[in-house]
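Heads up, the thing below is written out as structure tokens.
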Amino acid sequence: MTGRRWFSETLHNGLRFSLEASDVLYEEKTEHQHLALIENAAYGRVLMLDEVVQVTARDEFVYHEMMAHVPILAHGAAREVLIVGGGDCGMAEEALKHKGVERLTQVEIDASVVEFSREHFSSFNAPVFDDPRFDLVIADGMKFVAETDRLFDAILIDSTDPIGPGEVLFSAEFYAGCKRCLKPGGVLVTQNGVPFLQGGELVSSIGHFSKLFADASAYVVAVPTYIGGHMALGWASDDKALRTVPLETLQERFQAAAIETRYYTPEVHRAAFALPRYIGDLVEKGRSGNA
């Protein structure tokens, strides 16, 4: 359908962000959520779920690279990787660039999102579907981590915000399920929103992490789509050394991986854990239990 129309995402504290659609390519109410695909002059193709921007063709690499490469290169020997959510498969595409990953399991609740993204975002996710290491499971992520008998080196939670189907993915019970299927020395990374506007999300997640893991923290990334300052990615592991891997080691691992990136570098990796004061204060608040 052609014709100009505005799609608005209502953010926190009375803030609304609108995108003009030069073309509405697709719109549907699925079993789980409202899905819309629009064309925007600034961001290209934009996928929205329940009126919230999920991914754009122009800047998807920023978020996906930092959420995938930071934990995998920090770990250094990730063989089994689990993604919960991430129906656009951009996260899977980045993780599968690492030849050391022997299997990548993606658990997505809504099959229609994956099918839709395969058709409309093939510019970045096409390699995923031809990779024999890719294991797609259509299931509830909460149930999967609570019941699976498999263990993972890295778990990446590429979720929507804590509303609708994504709400449970921010719960203590879900994080406990992740802990039970994480190998010793493994790492959990979560999408924790923009702290300037959604500070409570980060405080809550860090509070849950600190009760389960030896190391509970976060790192930041600047994603143009997600307005309000840095986005926070939650970090949890029983191996405290993973968060402080020396730059020289990261450079060696990155060179050995021989992958091309547009945002991630080993230097950015290290710097991402240097938190602005107000975000660091939120992390400390979560650790102290003063949520």
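The values are calculated or read from the model by the stated rules, or taken from the named source; none is laboratory data. All figures in this text were calculated on a predicted structure; none of them were measured in a lab. Heads up, the Cβs are rebuilt from the backbone with ideal geometry, glycines too, and the neighbour counts pull from every protein chain shown.
Restricting attention to segment 94-116, the residues that are charged (D, E, K, R), assigned to a helix (DSSP H, G or I) and within 24 Å of His32 (Cα to Cα) total 1.
Taking the condition within 25 Å of Thr105 (Cβ to Cβ) and not aliphatic (A, V, I, L, M), does Gly185 pass? So Gly185 passes the test. Going by what's in this entry, would Arg103 be described as surrounded by fewer than 19 Cβ atoms within 10 Å (Cβ to Cβ), within 18 Å of Leu188 (Cβ to Cβ) and either in contact with a His (Cβ under 8 Å, 6 or more places away or on another chain) or not hydrophobic (A, V, I, L, M, F, W, C) (or both)? Yes; evaluated as a whole, the condition is true for this residue.
The listed residues are Glu284, Glu267, Glu201, and the only one of them that is of a type in the set (D, E, K, R), within 29 Å of Glu9 (Cβ to Cβ) and free of Cβ contacts under 8 Å to residues at least 60 places away in the same chain turns out to be Glu201. Can you find a residue that is under 22 Å from Val52 (Cα atoms), touching a helix residue (DSSP H, G or I) at 6+ places or on another chain (Cβ under 6 Å) and either part of a loop (DSSP other than H, G, I, E, B) or hydroxyl-bearing (Ser, Thr, Tyr) (or both) anywhere in segment 139-160? Checking segment 139-160: at least one residue is under 22 Å from Val52 (Cα atoms), touching a helix residue (DSSP H, G or I) at 6+ places or on another chain (Cβ under 6 Å) and either part of a loop (DSSP other than H, G, I, E, B) or hydroxyl-bearing (Ser, Thr, Tyr) (or both).
How many of the residues making up segment 244-269 are basic (Lys, Arg) and crowded, with 18+ Cβ neighbours inside 10 Å? Steps first, answer last, please.
Quick first cut of segment 244-269, residues basic (Lys, Arg) only: 253, 262.
Going one step further and asking which of them are crowded, with 18+ Cβ neighbours inside 10 Å, we end up with 253.
Residues meeting the conditions: 1.
Considering only residues in segment 23-43 that are surrounded by 14 or more Cβ atoms within 10 Å (Cβ to Cβ) and farther than 20 Å from Ser122 by Cα, the one that is modelled with the highest pLDDT turns out to be His34.
In this entry, Lys240 passes the filter for residues that are surrounded by fewer than 19 Cβ atoms within 10 Å (Cβ to Cβ) and in contact with a strand residue (DSSP E or B) (Cβ under 6 Å, 6 or more places away or on another chain).
Could you list, in sequence order, all residues of segment 203-224 that are hydroxyl-bearing (Ser, Thr, Tyr) and more than 22 Å from Lys97 (Cβ to Cβ)?
Selection gives Ser204, Ser205, Ser210, Ser217.
Taking segment 193-202 as the range and being closer than 25 Å to Ala42 by Cβ, buried (at least 20 other Cβ atoms within 10 Å of the Cβ) and either at pLDDT 95 or above or of a type outside the set (Gly, Ala, Ser) (or both) as the test, the residues that pass are Val194, Pro195, Gln198. Residues in segment 203-222 that are among the aliphatic types (A, V, I, L, M) and surrounded by fewer than 24 Cβ atoms within 10 Å (Cβ to Cβ): Val203, Leu212, Ala214, Ala216, Val220, Val221, Ala222.
On the basis of being surrounded by 17 or more Cβ atoms within 10 Å (Cβ to Cβ), free of Cβ contacts under 8 Å to residues at least 60 places away in the same chain and either assigned by TED's automatic domain parsing to the domain that holds Met67 or more than 17 Å from Phe273 (Cα to Cα) (or both), does Glu167 make the cut?
On the way: surrounded by 17 or more Cβ atoms within 10 Å (Cβ to Cβ): no; free of Cβ contacts under 8 Å to residues at least 60 places away in the same chain: yes; either assigned by TED's automatic domain parsing to the domain that holds Met67 or more than 17 Å from Phe273 (Cα to Cα) (or both): yes.
Answer is no for this residue.
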